[in-house]
Structure formats: structure tokens, C-alpha cells
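In what follows, a structure is listed as C-alpha cells, so that the remarks can point back to it.
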Amino acid sequence: FAELDKRYKYIWISLDYVSDFIYLVDIFFQSRTGYFSHGLFVRNHHVLSRNYFSSRQFYMNDLLAVFPTDLLYIFPRLRFLSIIRCNRFLRINRLSQFQDLTESRTRFPNAFRIGVLVCLTLTLIHWNCCAYFLICQYLGFGSDQWVLPASAHNETVAMLYTYCFYWSTLLLSTIGDVPLPENRSEYVFVLLDYMIGILIFATIIGNLGTMISSQNQSRQQVREKMDEIKRYMKFRSVNRKLEQKVTKWLDYLYTNRQVLNEEMVLNSDLSIELRKDLAIKVHLESLQQVKLFHDCEPNLLIELVTKLKPTFFGPGDYVCRKGDIGKEMYIIKRGQLGVVSDDGKTTFVVLKEGSVFGEISILNIPGSKNGCRRTANVKSLGYSDLYTLQKDDLWLVLDNYPESLSKIIEKGKSLLRKDNLLDESLSDSRRHAEQDQLLTVQSRLKKLDDLDRTLNERVTKFLETYVESIKRFKQKLSKLEYFYGTRKPSVSLSISTPRSAPAVPFYANRWKQNSSNNLLKYRSTSFLDVD
């Protein structure tokens, strides 16, 4: 549109050189962008600059993109012709990098993808609109029905652009309803537009379908689960009331976005440290509310955080009942729980978000009158989200922190004393027996292994001492027998070799030496009478 170039010439030139300045600044930033080499992140400026300025990207893309093709403006026929700056289009790879990085970092990737798709579509329609206007100018306005009418010379730029944009939209969307071409160049342009339009239409439909399916993926999973559960309940002739309860429960999980498997998310492709940091961010605040863990080591809390697991309860579900064996403790993340009577009709206390219960029953405190059993009935008043810490996981971590273990046990005893639930008259033997029950299976196996190793060492030492004493006793007995003449040597070595055989003495001496060594070896055996 030549009128725009004439009317806003200085604005276009200013925008062009502002963009060139931005390209130069981007080249500087790329020369300072770190990268990974052998698993290490390179930050040295000299190494980064040398790596970038010797790369293919710098020479083939960035350098050619900022090459001053504007020097061609010195020719009158090419002055301020925007197509001369088309080499800037080589920086399109930076736009794709921006798209990939933004898509991986934004919290709304689907909305960002739709925005990118809309911008790309509008850009293609705009370029096609400009190409159509150039062809109309080349062929002449009003030369046939396919081009703009002759009255277009008197129209404003806004009206011309609107008509060209409308025509381009109809053609690229393959809707049609445009004048038929009348010469070869017009046919070629329309055919190219139709092929590009088909690709654009297929790309849009494919991307939109993928986005919609990804957005509805979780809902589709819930529907499949609900259908499967409904078929199962119908097959088992479950009553209508229970079926409605199950359906409401699944609806609650979906509406509150609890369909995600938290363990699967934390155990995905994240490293161990990232999983730990994510678990600390999500659960540490809840775990710090437990009074038993207030003065514990920070590393203990970090290890316990990774052991927390989410669980959910619906209205009227019992979290625990009085007299049950305590196998886990609970932390309320969302919802309300009630401490109720045995019949479940009377509510004594309402537990709200942040409350903790069940921690005493998993400590196995020696002298506890209730032992490891629950002391109250706890029921969910509505939909409740809780975090649980299993008894085995707790003791597995406490095995490595004996000082914190003793502190936690003492705090538990003080809580039991307040409620008069600790038996202070417990005998030492029984106290030690209950204390041994605190050990986990691994601790018991380790204790047995240490005991077995100690016994083996003692038995080996005893046998060595016994064999050595028997040897000394037999030696003294033999000396006494030789001294009083009651025993004579039973083996003697006497070898005579002829002098005419020079090789015989060598072999005789070798045989004599070997025989003496063997006799001395057997003499040390405590069960053979060989001198």
C-alpha cells in the first residue's frame, strides 16, 4: 500500500531501526546465554561468547538477518521498498524458541496455544491480502472481474485493505464465493491459495481438536470410571441410594481437581531433590503443626514430609473407630471432622483444617493404658481431604534419629499423663519388653544380626584357645615321655644314595625336605600321634 509508505514514511523507518537495535541487543544476550556441557552449566563469558560467535546459528541466521540491506535505498527505484528488509525474516527461529519456552512455563498452555494459532492465522491472511493487492495493481484495477474494480483508485487505504482481507479470508478458508479467475496468473494464485488454505484449515482443526481433547481428558477419565463403576454396581444389584452416593463422590473428586494421583506426580520424571522440595512446599506447613514434632531436627521433618500421603473421605464416613488398632496419624487439609459418640448421633468436638489426631496410637508408648488402640470415633461431616503418615514409615525414619525419638516419646508420655492414661507403676522388665516392641522389623533384624556376629566371634575365639591348649598339653606330655624313656620316636629318616649317581642326591634331599615338612604339618594336628 504505497499511500501508507508516503504518509507514514518516517514512522516506518523509525520502527525498522528500533527493530534492528532490538536484534543487536538479542545477539548480545545470546552470546551471554549459558548452556550445558557434560552435565555442567557453563557460565564463563569468554567461553559463551566463543561458542556463540563460532556457531552456525550466528553466521546463517543472526548475522545475515541484521545485514544492512537498507543500503539499497540509495537507488531511487528501490528507495523505502519494504521487501528489501526481508532478510530479517531469518530470525523466525527466535519466535519459535519463544513459543516453546513460554508454552512450557505458562500455567495456561492451552490458552497460549490458541492465541498463537489465532496470530499465525491472521498473519497468513494478512500476507495473502497484501499479495492479492499487489497482483491487482500489476494486472490493473478493473481489468477483469477477479481483480479490484476501477473505482478502487478513489477508495481509502482502510477500505481497500478491508476488502482484500475479506477476499483473502474467503479464499484461505476454502469457503469460496469469490469471482472466478480469468487468466493464467490468476489461476496459479488461486490454486496456491486453495492448497495453503487446506493446510491451514487442517492445522487449525487438528490443533483445536488436540486442545479440546486435552482439556476434557480428565473429565473423560472420570466418565469412564463412573461408567465402569455403574456397570459393576448394576451387575452386583447395588441399591440406588449407594449408587447415588458413589456418583456424588466422583463428582466431588472432579470438581475439586482431586483426580490427579499425587504419588504419580511426585514420582514422575522429577529428580529426588526436586520431589523433596515439592513435597516440602506442599506438606511441611501441615506437618509443623504437630506438637510432637516441634523440637525435632529439620532433617527428620523433611524425611517425614516425603512419607505423607493424601486420602479422602465423604459425608458420614468414619475415619477411625474407638478400639481400632492405630496404624496411621491424620492431618486435616480441608473439611471438617467430628468426634462422635458410639452411635454416631452426638458430636462432642469438631476438628477443622490444620488439626492433627491419631499420633499417640502410632508411637507405642510404654505404659499407655490404651496401648495402640484408638480412643474415640472420628467421622467426616462433609467431604474431607486428609494427609496420613503410616506407622511403619514413621518408625523407619525415627530409627535414624534416636535423640528425636526419645524426645517424641517423652512428649507423648506427658500428653498421656495429662489425661491420666499413663501407667507409672509399670515394672522395669515389662517396660523394657514394651520398649523392645517399639523397634521395627528392620531394627530387630539388625539387632539379631549383631547378636549372631558377636556369638560367632566368641565361639571362634573359644575354639582357637581350646586347640592351642591341647597342642601345648600334648607337647609337654611328649617331653615327659621322652625324658623318662617310656616313649621312643616312631619315625626315622635314613637315606643312603650311591655315589655313582650324581642326580640322585638332589632328588633325595628334595624328598627328605618335603617329607619333613609333611611330618611337621601332621604333627601339629591334635588328633594324630605323629612325632
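The values are calculated or read from the model by the stated rules, or taken from the named source; none is laboratory data. All values derive from a computational prediction rather than experimental measurement. All Cβ positions, glycine included, derive from the backbone under ideal geometry; neighbour counts span all protein chains shown. These area figures cover heavy atoms from the full protein model, side chains too; ligands, DNA and RNA do not enter into them. Shrake-Rupley method; radii C 1.70, N 1.55, O 1.52, S 1.80 Å.
Taking 0.36 nm per residue of sequence separation and subtracting the Cα-Cα distance, how much length would be gained by fully extending the chain between GLU224 and VAL282, in nm to one decimal?
Value of the extension gain: 17.9 nm.
For the stretch 108-255, build the convex hull from the C-alpha positions and give me its volume per residue in Å³.
Per-residue hull volume (Cα only) is 159 Å³.
Return the carbon/sulfur percentage of the accessible area of the stretch 290-427, one whole number, probe 1.4 Å, all protein chains in place.
Solvent-exposed carbon and sulfur of the stretch 290-427 make up 47 percent of the total.
If we sort 71-82, 318-329 on the protection proxy, mean other Cβ atoms within 10 Å, highest first, what's the order?
Ranked by mean Cβ neighbours within 10 Å, highest first: 318-329, 71-82.
Can you compute 3J(HN,Hα) from phi for each residue in the stretch 114-122, using the Karplus curve 6.51 cos²θ - 1.76 cosθ + 1.60 with θ = phi - 60°, rounded to whole Hz and x for Gly and Pro?
5, x, 4, 5, 5, 4, 5, 5, 5
Please give me the summed charge of the neighbours of LEU139: other residues whose Cβ is under 12 Å from its Cβ, Lys and Arg +1, Asp and Glu -1.
Once positives and negatives cancel, what remains is -2.
To make sure I understand the rule: partners must be aspartates and glutamates, Cα under 14 Å from the Cα of LYS418, and not fewer than 8 residues away in the same chain. Which ones qualify?
GLU410
Using the Kirkwood radius over Cα pairs, work out the Stokes-Einstein diffusion coefficient for the stretch 290-427 at 10 °C and 1.306 mPa s, in µm²/s as a whole number.
101 µm²/s
Which percent of the Cα-Cα distances in the stretch 301-381 go past 22 Å?
Distances greater than 22 Å cover 27 percent of the Cα pairs.
What's the ranking of 179-187, 302-310 by average number of surrounding C-beta atoms within 10 Å, highest first?
Result, highest mean Cβ count within 10 Å first: 302-310, 179-187.
Under the rule a/c < 1.5 gives rounded, and otherwise a/b versus b/c splits prolate from oblate, where does the stretch 1-105 land using the Cα gyration tensor?
Here the stretch 1-105 falls in the prolate category.
Could you give the Stokes-Einstein D for the stretch 70-188 in µm² per second, using the C-alpha Kirkwood radius, 10 °C, 1.306 mPa s?
92 µm²/s
Among the aspartates and glutamates, which fall within straight-line cross-link reach of LYS322, defined as a Cα-Cα distance under 15 Å, with same-chain neighbours fewer than 8 residues apart omitted?
ASP342, ASP343, GLU359
Going by average Cβ neighbours within 10 Å, how do the peptides 357-363, 88-94 rank, with the highest at the top?
Top of the packing list down: 357-363, 88-94.
Rounded if a/c is under 1.5, else prolate if a/b is larger than b/c, else oblate: which is the stretch 135-192, with a ≥ b ≥ c the root eigenvalues of its Cα gyration tensor?
The shape class here is oblate.
From Cα pairs below 8 angstrom and at least 6 apart in sequence, can you work out the relative contact order of the stretch 28-76, rounded to a whole percent?
In percent, rounded to a whole number, it is 26.
Of SER384, GLY344, TYR330, which is farthest along the charge dipole of the stretch 290-427 in the positive direction, counting Lys and Arg as +1 and Asp and Glu as -1 at C-beta?
Ranked along the dipole, the leading option is GLY344.
How large is the accessible surface of VAL178 in square angstrom, using a 1.4 angstrom probe and rounding to the nearest 10?
For VAL178, solvent-accessible area is about 30 Å².
Among all the lysines, which ones have a C-alpha under 20 Å from LYS476's C-alpha, if same-chain residues fewer than 8 places away are not counted?
Within reach: LYS488, LYS521.
Can you pick out the pairs among LYS281/LYS327; LYS352/LYS447; LYS411/LYS446; LYS307/LYS352 whose Cα atoms lie more than 32 Å from each other?
Table pairs above 32 Å Cα-Cα are LYS352/LYS447.
From the Cα gyration tensor of the stretch 269-322, with a ≥ b ≥ c the square roots of its eigenvalues, which class applies: rounded if a/c is under 1.5, or else prolate if a/b is larger than b/c, or else oblate?
oblate
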